[in-house]
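J.: This is the structure I want to talk about, given as structure tokens.
The values are calculated or read from the model by the stated rules, or taken from the named source; none is laboratory data. Bear in mind that the values here come from a model prediction, so they are computed numbers and not experimental data. Cβ sites come from the backbone with ideal geometry, for glycine too, and all protein chains shown count toward neighbours.
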Amino acid sequence: MTGPNRTRPAPDFMTPIDKTLDAIALACRVITGCALVVLTVIFGWLVFGRYVLNATPTWVEQAALLLVMVIAFLGAAVGVHENTHLSVAAFRGFAPTWLRTLFVIVTDVFMAGFGLLMLIYGAQLTAFKWGSKIPLLQLPEGLRSLPLTIGGALILVFALAHLLRLALGRDLRSDIIQ
């Protein structure tokens, strides 16, 4: 993890893990950014086709659904890695330090559990739907739920990494105020 959260020296085995997770998060940011650009371009084509050419490209809506899934689930995984996911910090700010730390642990455990459920049920859904085709695109229908599966796996890994850092005494995220 980069930035102000890393102030204590990392144990030797954590350095390559952190670099790998940072690289995965960067790849996810690049993929979601590219997906957002493609989404914008194809919707521009949709509007141009509909109002200028008077021929609506119907495949755009199906492609947009795929891109939104990629953006949502990979973006959520990056949010867990960078600790920018949605959380309610108002109550936590008034709690004593030990209770704040407990809240962070519980949050990471819940995030890991949620990621595990996304992984398991997303994989089942992907496998179930893989045999049918997305209308107009003729791609496997399972591609719609594949980002759910991948995002769940990444959320699980990122949350477990937070818990490992916390157990090693080197996770100094801003929501644990010492």
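J.: Hey, can you tell me all the residues within segment 134-173 that are in contact with a Lys or Arg (Cβ under 9 Å, 6 or more places away or on another chain) and polar (S, T, N, Q)?
T.: The one that is in contact with a Lys or Arg (Cβ under 9 Å, 6 or more places away or on another chain) and polar (S, T, N, Q): S145.
J.: Continuing with this model, one more query. Kindly indicate whether T7 is closer than 26 Å to M111 by Cα, among the hydroxyl-bearing types (S, T, Y) and at pLDDT 95 or above. Quick ask: steps written out before the conclusion?
T.: Working: closer than 26 Å to M111 by Cα: yes; among the hydroxyl-bearing types (S, T, Y): yes; at pLDDT 95 or above: no.
Judged against the criteria, T7 is not a match.
J.: Considering only segment 30-82, how many residues are within 10 Å of the chain's Cα centre (by Cα) and under 16 Å from M118 (Cβ atoms)?
T.: 12
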